[in-house]
């Protein structure tokens, strides 16, 4: 063979190889891609379908009418539709790239629809995170007609969404409308815009202005740990005069997916929050500081851990006002721990703390609590809880503790008050001492005094023996007209009253003896109360003028 014919022959072999590649490789690629997609879908418990796959040589792969469906606990949990997907392959990766190299140089998704409804089953199939990581593209464009996340009482929806990004260059985020629905909340944001950047498997989105005073400064979706099934999110928000930051990460080390969340907030104006959310009731105050953490599976909250701390200043809602409200609480090991609930209202202060176990029998609680209060304006403090301030007045101090464990209870409460008005009735002083011990409670002292008038009571409840109890009380009133008391037949009472009451009983019966004397009459009675009847053993009423009746 001559030397002139050798180059022509080599060129002919090259052309023949190209022709064979052009006609042989695309069908092989199409079948291989289809088989791989179906295999990965079955592994993950998904149902996959498409109308056509085209894989022309040296050109992007095209998939038409792709649909992926995953079953949930109640109905279809996951659904993804895309009219057209175009994926450019990185041939450098195919012919010599490392295991960490990405297989796609570009990705374009058109007319996508994404739905998540309800909860996923706990037994969802495993996902090949390594394969998914290698499918992350170097640049992408996604056009979504609708993204919708539905839960029983909430909804988050995105319409007409476009997001594009590439390594080294800025992209755009454009959303036609964002809709949020939840109990007492319904909000819609239109024409949302932002700037994106895709670098080292991190998608950064910034400058998203949802409304006046509410701007997402930065949103970073971290996919660097996707190979291990971990996805992280970092959020920074300028919200209504303050700042908020949040970190959310999720991973699946075992059969269940774990979530980690942590957030802080400070300087947030409550009036602006109320206006942004469309609340009609005016709210005043500021979130001076707040922290929140969570770790666990939200579907198994009892085995998760969480904590919250928050401080409100200048709080006002309708007639309810407080200078400072501080709340700190933890949840771990099936136990809720209230570190502190502190309320300061001008000259009033209330502090609560304690802990209780969740999931215990209501007859066998595990609870510990402490209370400390210094109330110098009872009317104003009662207004904080919805009462009318003119109905209450005076000063009250309280201190107590309670501990319940394995059907035993112990604790005590001491209460004192001066210059009081309780339900419009003036009371000069109040003294109460209540003790709790194993199987019972005892009122050592309960005394109301107004001038020379008084009401004193003592009692005991024994929960260990048929819930038996005893009580005794006595009172003296110099002038009944001061209390505006009116009874049927007798009418309005006036003059002095002296009365005594003693009684004892259990869950089945109660026996009592009561006696009293006024200017108009005197009386005494012995009664026996049962669950099915009331027996009056004796009743004596003596009228001061002309009559006497005895039964």
- Fewest-first ordering of 111, 77 by Cβ atoms within 10 Å yields 111, 77
- Task: Place the peptides 137-146, 305-314 in order of packing, highest mean first, counting for every residue the other Cβ atoms within 10 Å and averaging per peptide.
- Result: 137-146, 305-314
- Taking region 379-436 on its own, what percent of its Cα-Cα pair distances exceed 15 Å? 58
- Task: Apply the Kirkwood formula to region 290-437: the hydrodynamic radius equals the inverse of the mean of 1/r over all pairs of different alpha-carbon atoms; give it in Å with one decimal.
- Result: 17.3
- Query: region 324-395 to region 186-248: how many Å between their Cα centroids?
  - Reply: 37
- Item | Reduced Cα scattering model of region 164-273, Debye log10 I(q)/I(0), q = 0.09 Å⁻¹ | -0.29
- Cα-based Rg/(2.2 N^0.38 Å) for region 216-296, rounded to two decimals, is 1.38
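Values in this text are rule-based calculations from the coordinates and carry no lab data. Predicted, not measured: the structure shown is a model, and the values here were computed from it. Cβ sites come from the backbone with ideal geometry, for glycine too, and all protein chains shown count toward neighbours.
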